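The structure appears below as structure tokens.
The values are calculated or read from the model by the stated rules, or taken from the named source; none is laboratory data. As the structure is a computational prediction, the values presented were derived from the model and not from experiment. Here the Cβ positions follow ideal geometry from the backbone for every residue, glycine too, while neighbour counts run over all protein chains shown. Surface areas here come from the heavy atoms of the whole protein model, side chains and all, with no ligands, DNA or RNA. Shrake-Rupley method; radii C 1.70, N 1.55, O 1.52, S 1.80 Å.
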Amino acid sequence: MRIRKITSKEAWRLMGFNDEDYEKAKMVCCETSLYHQAGNSIVVNVIYEILKKLF
């Protein structure tokens, strides 16, 4: 069985960004930078739900 690497667009989607934001970033960044940017981000929806439970 072969495991497929996710695309940079899929990484952005997993982190909660929309395709429009991805396309804007793709115009000025290389593919590697797009992966790094997705990896350095925080999933806002998850943080929101955690904070909602705490407060």
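Observations, loosely collected:
- Restricting the first member to segment 18-38 and to residues that are within 14 Å of THR7 (Cβ to Cβ) and free of Cβ contacts under 8 Å to residues at least 24 places away in the same chain, and the second to residues that are surrounded by 11 or more Cβ atoms within 10 Å (Cβ to Cβ) and not aromatic (Phe, Trp, Tyr), the beta-carbon pairs closer than 6 Å and six or more apart or on different chains are TYR22/LYS9; GLU31/SER8.
Quick grid of which residues meet (1) open to solvent by less than 90 Å² (accessible area, probe 1.4 Å); (2) under 9 Å from the mean Cα position of the chain (by Cα):
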| residue | (1), (2) |
| --- | --- |
| ARG2 | no, no |
| MET15 | yes, yes |
| GLU23 | yes, no |
| VAL28 | no, no |
| TYR35 | yes, yes |
| ILE47 | yes, no |
| LEU51 | yes, no |
| LEU54 | no, no |
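- The residue pairs whose first member lies in segment 2-14 and is under 19 Å from SER41 (Cβ atoms), whose second member is of a type in the set (Gly, Ala, Ser) and assigned to a loop (DSSP other than H, G, I, E, B), and whose beta carbons are closer than 9 Å, counting only pairs six or more residues apart or on different chains, are TRP12/SER41.
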